[in-house]
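> Quick one: this structure, given as structure tokens, is what I'll be asking you about.
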Amino acid sequence: MGKWAFLLLALGSAALSSGAWAITDPTAPLGYTEPKTQIVAPTTRTTAAPMPRLDSILCREQCSAVISGELVAPGDSVSGYQVKAITAQQVTLTRGGRQLELTMFPEFIRQ
């Protein structure tokens, strides 16, 4: 009976000490203590509308454009911008009093 009690005591203490061993990092440098971490609630960010991308310009009687995969005409809105004008060479967008001009291949346009 004494042998069994000693064996159970040895196994129990080994099991308890192994839990403490798992908490420390065996590869950490000697004397290293982990910094205390604080749990910070995630902040909510407002994401800005993506910059519009001019895909193509289509002109028949009136010009329309494909901006960021969306077919638009003058007066429509896309990505938070209002489409002001569309010509065969460029699209003019406005937002908040600012004007943005998108052109198709500006380096290849020749008059």
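> How much net charge surrounds residue 77 when only other residues with a Cβ under 13 Å from its Cβ are counted (Lys, Arg +1; Asp, Glu -1)?
Here the charged neighbours net out to 0.
> Using θ = phi - 60° and the Karplus relation 6.51 cos²θ - 1.76 cosθ + 1.60, list the HN-Hα couplings for region 56-62 in order, rounded to whole Hz, with x at every Gly or Pro.
Ordered by residue, 3J(HN,Hα) equals 6, 10, 10, 10, 10, 6, 10 Hz.
> Here is a further query. Using mean Cβ contacts within 10 Å as the protection proxy, how do 91-103, 32-44, 63-75 order, highest first? Don't skip to the answer; put the middle values down first.
Numbers: 91-103: 14.2, 32-44: 5.8, 63-75: 15.8.
Going by the mean number of other Cβ atoms within 10 Å, highest first, we get 63-75, 91-103, 32-44.
> What residues qualify as long-range amide H neighbours of residue 85, i.e. H under 5 Å apart, gap of 5 or more or another chain, H built at 1.01 Å from N?
Result for residue 85 returns 92.
> How charged is the neighbourhood of residue 65? Take every other residue with its Cβ under 10 Å from the Cβ of residue 65, and add Lys/Arg as +1 and Asp/Glu as -1.
Net local charge, residue 65 excluded: -3.
> Using the Kirkwood formula on the Cα atoms of region 54-108, what hydrodynamic radius do you get, in angstrom to one decimal?
Working: mean 1/r = 0.0900 Å⁻¹.
Roughly 11.1 Å, rounded to one decimal.
Bear in mind that the values in this text are calculations on the coordinates, not laboratory data. As the structure is a prediction and not an experimental result, all values here were calculated from the model. So basically every Cβ, Gly included, is an ideal-geometry build from the backbone, and we count neighbours across all protein chains shown.
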